[in-house]
Amino acid sequence: MIDFIGRFFKDGGFFMYPITLIFAFGIAVVVERFFVLFKKFNLDANKYFNFVEQKILNKELDDISKNSPDVPLSNICKFGIDVVKRCQMSEDPKACEVKLFKGERRASVVIEKTIEEIAALEFPKIERRLSFLPTVANLSTLLGLLGTLQGLIQAFSSLSNVDPSQKAQFLAQGISVAMNTTAYGLFVAVIILFMYTILNARAERLMEETEYYVLKFINLITMRY
């Protein structure tokens with residue numbers, strides 16, 4: 001098996017190397033995104049929101065910041081709680097509102113808009129670097145085709161100095177070698193696109209879940225303050 005892989009790689013020519021580099025980059029992105037989406041961002045949103053809701057009802061806002069993981073949903077909630085605490089620390093909430101936000105709007109509206117602003121920064125963390133994977137798949141396929149064209153050009157050009165009885169044999173060998181890069185490029189594209197499908201489905205689910213509980217958090221905050 002090792003000998004076959006070695007000959008397959010060697011016969012593919014120069015374009016096997018850039019395809020391998022792109023493949024390594026794609027795998028690195030896949031591993032990093034799997035860790036982030038399935039491990040780091042693996043938060044029970046319903047349980048966390050119940051925790052936040054209970055702390056807000058009990059007016060224990062400090063506990064929310066102390067016991068929240070580093071994920072988009074909790075970061076948005078912590079930021080919203082910080083805004084509420086800053087207004088509560090002021091003797092005159094309306095004066096605080098004017099000082100911090102330069103407006104005469106109700107505090108609930110200001111809090112809502114401020115939470116939406118931080119949400120716009122946190123949501124992209126879920127889909128970060130996923131767009132690289134389709135690009136990796138496309139590049140590997142295109143490089144494989146370029147390698148095939150290079151192989152075919154070399155195969156046909158070598159026929160000029162070959163005995164006519166051996167031309168068919170040399171042509172068949174050249175074409176089979178040229179196809180190695182296409183096969184390798186398609187193999188890389190299939191693996192990367194399969195991983196992208198899994199990661200993209202997970203990211204979409206996290207986005208929908210986070211958006212839902214952020215809206216619930218905004219409603220909870222604006223009804224209380």
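Every number here is computed from the coordinates shown, using simple stated rules; none is lab data. What you see is a predicted model, and the numbers here were worked out from it, not measured in a lab. FYI the Cβ positions are ideal-geometry reconstructions off the backbone, even for glycines, and counts take in every protein chain you see.
Some observations on this one:
- Flagged links, alpha-carbon separation over 18 Å, of K78/K125; K66/K125; K40/K85; K55/K113: K66/K125; K40/K85; K55/K113
- Ordering of 53-65, 125-137 by packing is 125-137, 53-65, highest average first (other Cβ atoms within 10 Å, averaged per residue).
- Taking every alpha-carbon pair in the stretch 27-87 and binning the separations at 5 Å intervals from zero gives 4, 18, 25, 20, 12, 9, 7, 4, 2, 0 percent.
- Förster-model FRET efficiency, 30 Å R0, L142 and F38, C-beta, rounded to 0.05: 0.50
- Look at where the Cα atoms of the stretch 63-88 and of the stretch 138-157 average out, and the two centres are 55 Å apart.
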